[in-house]
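All remarks here apply to the structure that follows.
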């Protein structure tokens, strides 16, 4: 089985539980914090909803700096209704699946410094 097929299978399996969780996020409580040091619920739910799209970054970027010089350019899309949150999740899933359906080449280096590539 190809790596991309494994990723798509796991993406489908994880989507079921994630979707159920997001369907239970209360509307109108985006500012609520589970703990004083925690991010607000709306931000936490957005992270969960958009995490599948990170697969696209992993596949298409050579490197990823979560805290780049000058700050992050990622701005989460605000949501007010559960349907808007679920729409973000579905779009994130589509983006992840699309990135897995194209040919993938993995490059790595060995301890001796030799370079190897593997096409999927």
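The values are calculated or read from the model by the stated rules, or taken from the named source; none is laboratory data. Nothing here was measured: the structure is a model prediction, and the numbers come from that model. Neighbour counts are summed over all protein chains in view; Cβ atoms, including those assigned to glycine, are modelled from backbone coordinates with ideal geometry.
Pairs are defined by a Cβ separation below 6 Å, a sequence spacing of at least 6 or placement on different chains, a first member in region 59-85 that is surrounded by 10 or more Cβ atoms within 10 Å (Cβ to Cβ), and a second member that is in a loop (DSSP other than H, G, I, E, B); the pairs so defined are 81/27; 82/27; 85/79.
Give me the residue from region 74-100 that is in contact with a helix residue (DSSP H, G or I) (Cβ under 7 Å, 6 or more places away or on another chain) and outside any helix (DSSP H, G or I) and, out of that set, modelled with the lowest pLDDT.
Going residue by residue through region 74-100, those that are in contact with a helix residue (DSSP H, G or I) (Cβ under 7 Å, 6 or more places away or on another chain) are 76-77, 79, 82, 85-86, 88-89, 92-93, 95-97, 99-100.
When the remaining residues are screened for being outside any helix (DSSP H, G or I), the result is 76-77, 79.
Numbers: 76: 78, 77: 84, 79: 93.
Selected residue: 76.
Remark: pairs (first residue in region 16-36, on the phi < 0 side of the Ramachandran plot and in contact (Cβ under 8 Å) with a residue 12 or more places away in the chain; second residue exposed (fewer than 10 other Cβ atoms within 10 Å of the Cβ) and not in a helix (DSSP H, G or I); Cβ separation under 9 Å; 6+ apart in sequence or on different chains) are absent. Hey, any hits in region 35-52 for a residue that's loosely packed, with under 10 Cβ neighbours inside 10 Å and within 17 Å of the chain's Cα centre (by Cα)? No: region 35-52 contains no residue that is loosely packed, with under 10 Cβ neighbours inside 10 Å and within 17 Å of the chain's Cα centre (by Cα). Condition check: crowded, with 16+ Cβ neighbours inside 10 Å, part of a helix (DSSP H, G or I) and either under 13 Å from the mean Cα position of the chain (by Cα) or modelled with pLDDT under 95 (or both). Does residue 4 satisfy that? Criteria met by residue 4.
When residue 35 is tested against (1) closer than 10 Å to residue 96 by Cβ; (2) at pLDDT below 95, just one condition goes unmet, and that condition is (1).
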